[in-house]
1. Between A:Trp230, A:Trp253, which is of a type in the set (A, V, I, L, M, F, W, C), in contact (Cβ under 8 Å) with a residue 60 or more places away in the chain and assigned to a strand (DSSP E or B)?
2. Quickly run through the range A:509-545 and pick out the residues that are out of contact with any strand residue (DSSP E or B) (no Cβ under 8 Å at 6 or more places or on another chain), free of Cβ contacts under 8 Å to residues at least 40 places away in the same chain and part of a helix (DSSP H, G or I).
3. Please count how many residues of the range A:348-396 are crowded, with 16+ Cβ neighbours inside 10 Å and either in a loop (DSSP other than H, G, I, E, B) or among the β-branched types (Val, Ile, Thr) (or both).
4. Given the condition more than 20 Å from the chain's Cα centre (by Cα) and free of Cβ contacts under 8 Å to residues at least 60 places away in the same chain, answer yes or no: does some residue in the range A:102-110 qualify?
5. Looking at (1) more than 30 Å from A:Asp360 (Cα to Cα); (2) among the polar types (S, T, N, Q); (3) out of contact with any helix residue (DSSP H, G or I) (no Cβ under 7 Å at 6 or more places or on another chain), which is the only condition A:Asn238 fails?
6. Could you please give the count of residues in the range A:1-31 that are under 21 Å from A:Leu187 (Cβ atoms) and either out of contact with any Lys or Arg (no Cβ under 7 Å at 6 or more places or on another chain) or exposed (fewer than 14 other Cβ atoms within 10 Å of the Cβ) (or both)?
7. So how many residues does the range A:268-287 have that are surrounded by 12 or more Cβ atoms within 10 Å (Cβ to Cβ), more than 33 Å from the chain's Cα centre (by Cα) and either hydroxyl-bearing (Ser, Thr, Tyr) or not in a helix (DSSP H, G or I) (or both)?
8. What are the residues in the range B:1-45 that are away from chain A (no Cβ under 14 Å), surrounded by 11 or more Cβ atoms within 10 Å (Cβ to Cβ) and part of a loop (DSSP other than H, G, I, E, B), if any?
Amino acid sequence: MESFAFAPAYELPSWPFTPPSELGSPRTVRHPIVIVGAGPSGLTLACDLAQRGVRAVLLDEDDTVGVRGASSRGICYAQKSLEIFERLGIYERIAAKGVTWSFGRTFSGEQEVYNFNLQANSVSRQPPFINLQQFYLEWFLVERILELGLTDLRWKSRVTRVEPLGDGVRIDIETPAGRYTIEADRLIDATGANSPIRTQLGIDAHSSRSTDRWCISDVRFKKPLPVERWTWVDAPFNEGRGVWQHLMADGVWRIDYQMPEDCDTATISQPEVAGARLREQLGPDVEFEFVWIGPYGYRDHLLDSFRHDYVFFIGDAAHVVSPFGARGGNSGIQDAANLGWKLALIAQGQAGDALLDSYDAERQPAARQNLEVTSRSARFLAPRSPAEHTLRRAVVALAARHPFARALVNTGRMSVANDYPSAPQLPEGGRTVQNLPLRWADGRETTLMQLLAEGTRCIGLWLAPTRAEAEAALAATAPLPFHLLAIGGDSGLPALQADDRLTSHLGLREPGSFALVRPDAYRAALLAHASPDAIAAALRTALAQDTTP
Amino acid sequence: MITEPRIPDPDGFYAALLAAHEGLDGAQSADLNARLVLLLANQCGDQDVLLACIRAAAEDSPTSKAP
């Protein structure tokens, strides 16, 4: 039997535990914002707050990045996440280290039955996707947080108990130097799928577990393959089951094999067994070395509400979906970006607590949609009955010959920035605004993310207003966190050059039309013929303030 | 969903459908039917009509229970 080599393990950074001043002090200190869990969502939230000049305490039970004993979990970062990282100042590092892609192909047997090019609908400076091992992302976030210098990062600090108070939360913490207690005005639970906080508070996550089994092989080899997402519904080199093939940083391929439901996970993850699968796929002459082998099953859960008084759930603590389409990690990152600016405005005294209800009103439906989409992919990939197998066979057979059936082939619908439903702060619902390249009237270049990286404020984009309207709108919105810009015209406002791509992406048509963009780059309002009063009212609505001036 | 007759030659259609199933075993017939359903669904192309047809097809018929 062929034997297989393993690459040396990654050397991940670790950070020191520093005993906090509360240890051994009789006084219980209260912090405005305490985040628990330094995974992608918790780190993104801490970084987003720090970028906005807002302090937070971040507690993590470990002192490094990544998941101990495992390789990378998430690998695909979607455009909306990349735009957030651009705003946070780590996008260039991610792009330099990661693998940019936009094209995906799906095969049945030897034949391609479906493909997609996500670049086609993009007007963003960021690409549709970059693949990167999750620990690199976390590493870049930690270094950026340390550079910003506003986050109290407490490693080796495990939360053992939380107690809801009438006006906050009490938190018991265990460290290598002893136990202590703090209080928080608001606690953000980013502790992941097995959240002990959620369990302790007795919140039902409505979880269910799939019987579908997969085994990841992260592997390095020299065979040149296209930098695309390839999936097989039924690969001839995996006994007719599914296979995923994706490139990550450092030349490491993630190849994910669907296994029989009744497989023995210890056996299928033995190097000899995993190596035989790879040998079958790559052919006899390709040398390869393993980086990691990991069998897994998947599960899902979804909280009914992401806010419980002063406790907020983000990322996997709030929702877990099957892995098809990269909707887990990306959704957690977007939870953080949704919550960050709201917490920042409250910290700065520019919004009231009601704004935080919109976090749940927006992100819970987004997670529900992701759960529905990923569950449909999972069901296509693991049919549950003879009838489902029959229907899938029909889809795949027709897809080989007829374009219409290709749309039914479902090996994952890639993560999107979910639209938000109509809610008190979003009367018309909300949709993402991509990171458009922009140009000031004098020709200087900028982007939407650069505009949003300055402070925490909504941006108003007004197509060719008059001078009088512009002055009245500035007066009507004067005390609010708002940056009013013109597109074209001669209003005296800071003005961007008119550009069809910009106006059509925002939905602006006639002169006088107006789009309100929130700090998380969601369009909160679109006014066909804006008046100064209507602009001020739309802004107050988006910020959950009284609509009467 | 249209339930009034629209097929110009119903007997001819039915005969062609039976002919397509001739010589097939149960699994092959099921595969054929599945492909046919998907092709016809795309001819219809109307989501509401498709969902109404699925509901109508799923209704129990008291006179023709499967054997």
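1. Numbers: A:Trp253 fails: in contact (Cβ under 8 Å) with a residue 60 or more places away in the chain.
Of A:Trp230, A:Trp253, the one residue that is of a type in the set (A, V, I, L, M, F, W, C), in contact (Cβ under 8 Å) with a residue 60 or more places away in the chain and assigned to a strand (DSSP E or B) is A:Trp230.
2. A:Ala537, the sole residue that qualifies.
3. Qualifying residue count, the range A:348-396: 8.
4. Checked the range A:102-110: no residue is more than 20 Å from the chain's Cα centre (by Cα) and free of Cβ contacts under 8 Å to residues at least 60 places away in the same chain.
5. (3)
6. Selection size over the range A:1-31: 9.
7. 1
8. Listed by number, the list holds a single entry, B:Met1.
The values are calculated or read from the model by the stated rules, or taken from the named source; none is laboratory data. Everything quoted here is computed from the prediction, not taken from an experiment. Positions of Cβ are generated from backbone atoms using ideal geometry, with glycine treated the same way; all protein chains shown enter the neighbour counts.
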